[in-house]
Structure formats: C-alpha cells, structure tokens
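See below for the structure under consideration.
The values are calculated or read from the model by the stated rules, or taken from the named source; none is laboratory data. Being a predicted model, the structure only gives us computed values, none of them experimental. Only protein heavy atoms, including side chains, enter the accessible area calculation; ligands, DNA and RNA are left aside. Shrake-Rupley method; radii C 1.70, N 1.55, O 1.52, S 1.80 Å.
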Amino acid sequence: QVQLVESGGGLVQPGGSLRLSCAASGSISDIRSMGWYRQAPGKQRELVARVMSGGSTDYADSVKGRFTISGDNAKNTINLQMDSLKPEDTDVYYCYAGKILSTYWGQGTQVTVSS
C-alpha cells in the first residue's frame, strides 16, 4: 500500500502561482511514476503532469511552459509548480502513484483561479 498526502491548493488570481506537494509513504520502492491528475465536476480525470522513475517527465499540452513537476527522492515527495494560472486551471487536483499493477490516489486538493 502507498499513502499519499497532498498539500498546497487554494485560491489564486489569474496569472498567479501555486505549488502543490505530494508526500508518499508505505510501500514506495516499486513506484514507476508519480504525478498529478485533475478533474472538474462531470468531467473525466485528465493527466496534468507526471515524472517517471527514470526522471523523465510528461505534461498535458494545456500546461506546458506553465507548470513544472519535480521530485525530491530524499523526502519521497513530488511538487507541481503552477505559474501563469488561468481560470480554466480550476479543478480538484489528485496526486497519484503508479506501479505495474496498482495505482494509488491522494484525497485531492482544490485549486481555484479566480479574480
């Protein structure tokens, strides 16, 4: 089992920045990737960004150049730096940890971009 604890959501004005963090604990040695999905009510969950165990990263086209995902292996934590936020970035953001046969999810953190 993997436990994920998220932090850092909140309310920010358009053009502002937020930083999300996700701390993993438990059986983490065989995690293949970690990252963030987001989901609005009535919509499918979509991948925002992820970092693979080898260090490579992927981003949704909508956030490229604005969001940066990074990992801190010593703290078993990943971070998502979100800059130049737009109202359409408003969603609940979920941290995930992926193994070969299992995926684990955090509880979700609300990000609201509004003036």
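Just to check I understand the Karplus step: with θ = phi - 60° and J = 6.51 cos²θ - 1.76 cosθ + 1.60, what whole-Hz values come out for the range 65-76, glycine and proline as x?
My calculation for the range 65-76 gives x, 10, 10, 9, 9, 9, x, 10, 4, 5, 9, 6 Hz in order.
Could you work out the relative contact order of the chain, using alpha carbon pairs under 8 angstrom and six or more residues apart, expressed as a whole percent?
Worked out over the chain, it gives 37 percent.
Report, in whole Å, the centroid distance computed from the Cα atoms of the range 1-64 and the range 70-85.
8 Å
For the range 1-97, what ratio Rg/Rh do Cα atoms give with a Kirkwood hydrodynamic radius? Working shown, then result.
Values: Rg = 13.1 Å, Rh = 13.7 Å.
With Rh from the inverse mean 1/r over Cα pairs, Rg/Rh is 0.95.
Using amide H atoms built 1.01 Å from N in the peptide plane, name the residues 5+ places from G16, or on other chains, whose amide H lies under 5 Å from its own.
So G16 has HN proximity to L85.
Of all accessible surface on the chain at a 1.4 Å probe, what whole percent is carbon and sulfur?
47 percent
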